[in-house]
Amino acid sequence: MSEFVSIAVRQEGPVGVIELARPNVLNALSRQMVSEIVAAVESFDRDEEVRVIVLTGRGRAFAAGADIQEMANDDPVRLEWLNQFADWDRLSLVKTPMIAAVNGLALGGGFELALSCDLIIASAAAEFGFPEVNLGVMPGAGGTQRLTKLIGPKQALAWLWTGERLSAKEAHALGVVTRVVSPELLMEETMRLARRLAEQPPLALRLIKEAVQKAVDYPLYEGMQFERKNFYLLFASEDQKEGMAAFLEKRKPQFRGK
Ligand code: CO8
């Protein structure tokens, strides 16, 4: 994956790591960078060896939002033809568990990128916010929607209207951040969690992710039906046989994603 210029990609055993690597502009998300992130994520997603994907940022930011330099002269017609959000939509289709390891500022599109991940592990030094309003615009990659579904309209509006940055601790208290860790332990703790998830049965993780995502969008009854179908489906897997046999034989299961 050496064709990338704005990200660095590596694989550590079953964990695919994508590092945003334009630290001199606080990892501002140029369109090329977003395309590269999505390409790297999709490539990991289709690799059976990769069980978890971790996204992080180099330097003092996770990402300080869309690249304002690139966006400043846009107009609606150009934006329509660019159709840049199609890239973001593809992130929602990724089945592999994704963890954002937020090392510093996660602003605007950077916050939206973190919200597109399934879990957010934040350094205690990280800050989260939507400063778009200060530029006379608003979030465009799901910020108003994902944040509101997570924390409700009253909290979301106050955050989005003021453009204020909240600490990792405050974001955790609101339920946006999964866990806060000290800055020097961020990658260690994230990789520990990633490796732990990589030992879990991958098909079950994927179907649980799908069902939890439906819980956000579906009414309860439809969500329950969806959950049930996925529950039945897992009984077609070898991992279900292995998991239950291992329990009965009092040994550790070996899951293979089959
Ligand atoms: N775009 C372009 N360049 C940026 C960005 C950005 N978002 N953020 C920082 N930079 C650059 C700065 O211009 C500066 O470059 P240079 O050294 O060449 O002048 C360098 O990064 C370092 O930044 P600062 O000197 O400003 O560092 P400070 O510590 O003084 O300030 C801040 C840090 C407060 C984060 C400040 O840089 C800032 O306010 N940045 C802009 C944050 C922002 O408004 N983000 C929202 C952008 S809009 C958006 O995200 C819309 C999302 C919609 C869809 C997403 C599509 C990808």
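The values are calculated or read from the model by the stated rules, or taken from the named source; none is laboratory data. Remember, predicted model here, so these are calculated numbers, not experimental data. For neighbour counting, all protein chains shown are included, and Cβ atoms are generated from backbone atoms with ideal geometry for every residue, glycine included.
Brief remarks on what is shown
Every residue, every condition in (1) touching a residue at least 40 places away in the same chain (Cβ under 8 Å); (2) of a type in the set (A, V, I, L, M, F, W, C), yes or no:
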| residue | (1), (2) |
| --- | --- |
| T178 | yes, no |
| R196 | no, no |
| L234 | no, yes |
| K252 | no, no |
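- Counted residues, region 148-163 - those being part of a helix (DSSP H, G or I) and within 20 Å of G109 (Cβ to Cβ): 10
- Verdict on A86 being small (G, A, S) and out of contact with any strand residue (DSSP E or B) (no Cβ under 8 Å at 6 or more places or on another chain): yes
- Just one residue in the set G175, G140, G110 is within 15 Å of the ligand (Cβ to nearest atom) and not in a helix (DSSP H, G or I); that residue is G140.
- When Q200 is tested against (1) part of a helix (DSSP H, G or I); (2) within 30 Å of Y232 (Cα to Cα), only condition (1) is not met.
- Just one of the numbered conditions (1) under 30 Å from Q145 (Cβ atoms); (2) not in a helix (DSSP H, G or I) is not true of F255: (1).
- Some residue of region 119-129 being assigned to a loop (DSSP other than H, G, I, E, B), free of Cβ contacts under 8 Å to residues at least 60 places away in the same chain and over 18 Å from V34 (Cα atoms): yes
- Qualifying residue in region 201-224 (condition: out of contact with any Cys (no Cβ under 9 Å at 6 or more places or on another chain), surrounded by 13 or more Cβ atoms within 10 Å (Cβ to Cβ) and of a type in the set (V, I, T)): yes
- In region 27-55, the residues that are surrounded by 22 or more Cβ atoms within 10 Å (Cβ to Cβ) and either at positive phi or hydroxyl-bearing (S, T, Y) (or both): N27
- Residues within region 1-47 that are at pLDDT below 95 and out of contact with any helix residue (DSSP H, G or I) (no Cβ under 8 Å at 6 or more places or on another chain), tallied: 2
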